[in-house]
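Read the structure below first, then the notes.
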Amino acid sequence: MNLTKIRAQTRLLAVLAGLLPTACAFFSPQPPASPLIGNWTTPDNNRVTFRPDAVVVTPDKGQPTTMSAGECNGVYKLVYGRMETAPLQQAFAAQADLKAKLKQMLDKPEYPVADVTCDQGGTTYLLLDDRQVLAIYRDAGVGGVEHLTRL
């Protein structure tokens, strides 16, 4: 083989090596969507809609609000994933009744979650089963819970 052919094959291999990551990304499966994606309702008929990129809150007989940095004093974050329950069960040390409720309601070691940070507070939504979500509200060290059901 002559030097020209070797150089041509080396350039071809370099080009193919550069395309390999793109090709792998094209054929790799997308991560599954969160099981929380969809519409949920509170006992007061308020609606919470989880989208892949946002949370929309619609009060009963009110206008929908898409959570964003503008709605949250410049601080907004939405993360989907899984969360261990032990830290949540210990998070509200000053509220013994809430701490006891969480220990009673969260009987699995972890759950699928949507964690929303808004300004200085936030909400952690835990998927208890296919039809129920537990919303754990936190604001300035004070917490509360609410059940949501799938629409």
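What follows draws every value from the coordinates through simple rules; no lab data is involved. All figures in this text were calculated on a predicted structure; none of them were measured in a lab. A quick note on method: Cβ atoms are made from the backbone with ideal geometry, for glycine too, and the neighbour counts reach across all protein chains shown.
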Check: Which trypsin sites (Lys or Arg not before Pro) from the stretch 77-145 combine a DSSP loop assignment with at most 16 other Cβ atoms within 10 Å?
Finding: R131
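Using the beta-carbon distance between L151 and Q90 and R0 = 41 Å, what value does 1/(1 + (r/R0)^6) give for FRET efficiency, to the nearest 0.05? Write out the running numbers ahead of the final one.
Values: r = 32 Å, r/R0 = 0.79.
Working from the Cβ atoms, E equals 0.80.
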Item checked: Two-site label geometry, R51 and Y137: point separation in nm, points 7 Å out along Cα→Cβ -> 2.4
Notebook entry, point to check: What are the ³J(HN,Hα) values, in whole Hz, obtained from phi via the Karplus relation 6.51 cos²θ - 1.76 cosθ + 1.60 with θ = phi - 60°, for each residue of the stretch 117-124 in sequence order, with x given for Gly and Pro?
Noted result: 10, 9, 6, 9, x, x, 9, 10
Checklist line | Karplus-derived HN-Hα couplings along the stretch 75-90 (A = 6.51, B = -1.76, C = 1.60, θ = phi - 60°), whole Hz, x at Gly and Pro | finding: 10, 9, 8, 10, 10, 9, x, 10, 9, 6, 8, 4, x, 5, 5, 9
